[in-house]
Amino acid sequence: MNFECGVTAVAVINTPISAELTRQDLLARDIPLSSVAVILLRELNEPWLEQCAVVVRYPGKPAHEFLGQRRFFSFYQVAARLLRRLEKDADLRDIYLVNNDNLITSHLLSLAECRPAISATIVVEGTMNFHEIGIADRAGWRWRVKPVIARLLGFRYREPRDHLSGAFEPRVTRVVSFAAEGLKAPPDKVVFRQFQAIQPLRQSDPQVALVMLTNWSTCFEPAIDELFVRSFVDWVESSGYRKIQVKRHPRWPGGRMEELFKGYEEVGSGQTAEEMVTNLEAGTIIGTFSTALVSLKLIRPDLNCIDYGSDFYCEHAYHGDTTVKTLFSTSGITLVQMAAPQSKLLEQIETEI
């Protein structure tokens, strides 16, 4: 008997948050992991995945440019073959999706529209579920290329509707989340799951700061990015911490922040923040619009998590949408505002660039 005959659920996940929420929801609904096929959209090392019927793993760091997508073609081929086999041979009853922004998730949403018996659940993946984000917030080449690639691979594809989380898709009946305040989803669809706090291996020192670097260079114009980065680094340096550690983004090659923070101790190379959480020397975690701030605070309530510059990045990167501030505040994260930039500094940066 083929393994497909025992699969009743497909889950597409891509962050530690969506992974944990999916695991908890499967458990709460008595869906055995042995009946779940999982497709990962990012590199994840979750122990419970070993119990699933099949796991299609993402092959390395994502690419953010058009030509870089070529090396992922084989990954999507494998996923497409799996989904065709499941559609043909499995008794699919549930699909778990993290967005409607991907070839695989779009295909599965289309499948759910064709099969009313399938329950479609959106799983919150992070901060993107708490601010307005639509097709205009993604590179235009993606929407031109995806229909072509979908046809080559045999995927059903249609351009996303409304919010890119997929929560407002008519076919979606459930949205699994750890928080409600600021969540972009119909309230009657929301199902809550709690993160479990863990016991750390050692006591973390609040005078040691861990700075989690991000890919902000993709969000701002060069002059605005330089202004934000300089302000962020200046604030961290002037905050009086005994030691400053820097963690590079595990899926981003780096940018201006890495250059300015070069002199500090680098930790967690290649790891996610969640993989480091049990053995952190730093008791203060600093970031900017970072999903990891939320997940770390939920897992380690003893940590002092700080978000810097929401007044600035909400205006310049997210069209004035400030909803994410509510998520951070209700999660226990401290918001440090950048305040209005000085015009002389901006003029200086524009001249340098």
Residue count, the stretch 116-137 (criterion: outside any strand (DSSP E or B) and either outside the structural domain of residue 86 (by TED's automatic domain parsing) or surrounded by 14 or more Cβ atoms within 10 Å (Cβ to Cβ) (or both)): 13
Meets criteria (modelled with pLDDT of 90 or more, of a type in the set (A, V, I, L, M, F, W, C) and not in a helix (DSSP H, G or I)) for residue 296: no
Flag if residue 306 is farther than 20 Å from residue 18 by Cα, assigned by TED's automatic domain parsing to the domain that holds residue 275 and at pLDDT 90 or above: yes
Filtered residue count, the stretch 22-44, keeping only those that are assigned to a helix (DSSP H, G or I) and either of a type in the set (Phe, Trp, Tyr) or at pLDDT below 95 (or both): 0
Where a residue in the stretch 216-237 is more than 21 Å from residue 285 (Cβ to Cβ) and assigned by TED's automatic domain parsing to the domain that holds residue 289 and its partner, wherever it lies, is modelled with pLDDT of 80 or more and buried (at least 20 other Cβ atoms within 10 Å of the Cβ), with Cβ under 6 Å and at least six apart: 217/225
Test result for residue 320, surrounded by fewer than 17 Cβ atoms within 10 Å (Cβ to Cβ), in contact with a helix residue (DSSP H, G or I) (Cβ under 8 Å, 6 or more places away or on another chain), farther than 18 Å from residue 244 by Cα and free of Cβ contacts under 8 Å to residues at least 12 places away in the same chain: yes
Unmet criterion (only one of (1) assigned to a strand (DSSP E or B); (2) exposed (fewer than 14 other Cβ atoms within 10 Å of the Cβ)) for residue 175: (2)
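The values are calculated or read from the model by the stated rules, or taken from the named source; none is laboratory data. These numbers come from a predicted model, not from an experiment. We place every Cβ from the backbone using ideal geometry, glycine too, and count neighbours over all the protein chains shown.
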